[in-house]
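None of the figures in this text is laboratory data; all of them are computed from the coordinates on show. Note that the structure is a prediction, hence the values are computed from the model and not measured.
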Amino acid sequence: MKINGCLKCLFIFFNVLFAIIGCLLIYGTVKATIVSTQLSTFGGPSLGWGWVFAISVLGISCLGIYAACSEKVLALKI
C-alpha cells in the first residue's frame, strides 16, 4: 500500500521540525544541568523529567521520520 507523496512529505517535514525542537530541548537541558549542578548545594530542582521529555520528543520524531521514509506498516503503527 503506497501513501500519498504530499502527505508523506508533510509528515516528514513536521517530524524533522519536532526533531529540531527535541535537539533544542536536549541542548537546553544540558545547559540547565550545568547550572543545576552549581546550585545543587542550595537544594535546586531535579532535571530528570526534563531529560525524559527531551529524549522522548527526539526519539518519537526520529521513529516518525523512519516510518515515513520506509513506509513499513509496523513502524507506522508504533
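Round to the nearest 10 and give me the degree value, 0 to 90, for the angle of helix 48-70's Cα axis relative to the longest principal axis of the chain. Approximately 20 degrees, to the nearest 10.
Would you compute, from DSSP H runs of 4+ residues alone, the mean residue ellipticity of the chain at 222 nm, taking -39500 (n - 2.57) per run and dividing by the full residue count, rounded to the nearest 500?
Working: 3 runs with 63 residues, N = 78.
Only helices count here, giving -28000 deg cm²/dmol.
Here the chain is treated as a Stokes sphere of Kirkwood radius computed over C-alpha pairs; at 10 °C and 1.306 mPa s its diffusion coefficient rounds to 112 µm²/s.
Using a Gaussian network for the chain with springs between C-alpha atoms less than 10 Å apart, which of these wobbles most: SER36, SER61, SER46? Maximum among the listed residues: SER46.
Could you work out how far helix 5-39 tilts from the main Cα principal axis of the chain, as a 0 to 90 degree angle to the nearest 10? It is inclined by approximately 10 degrees.
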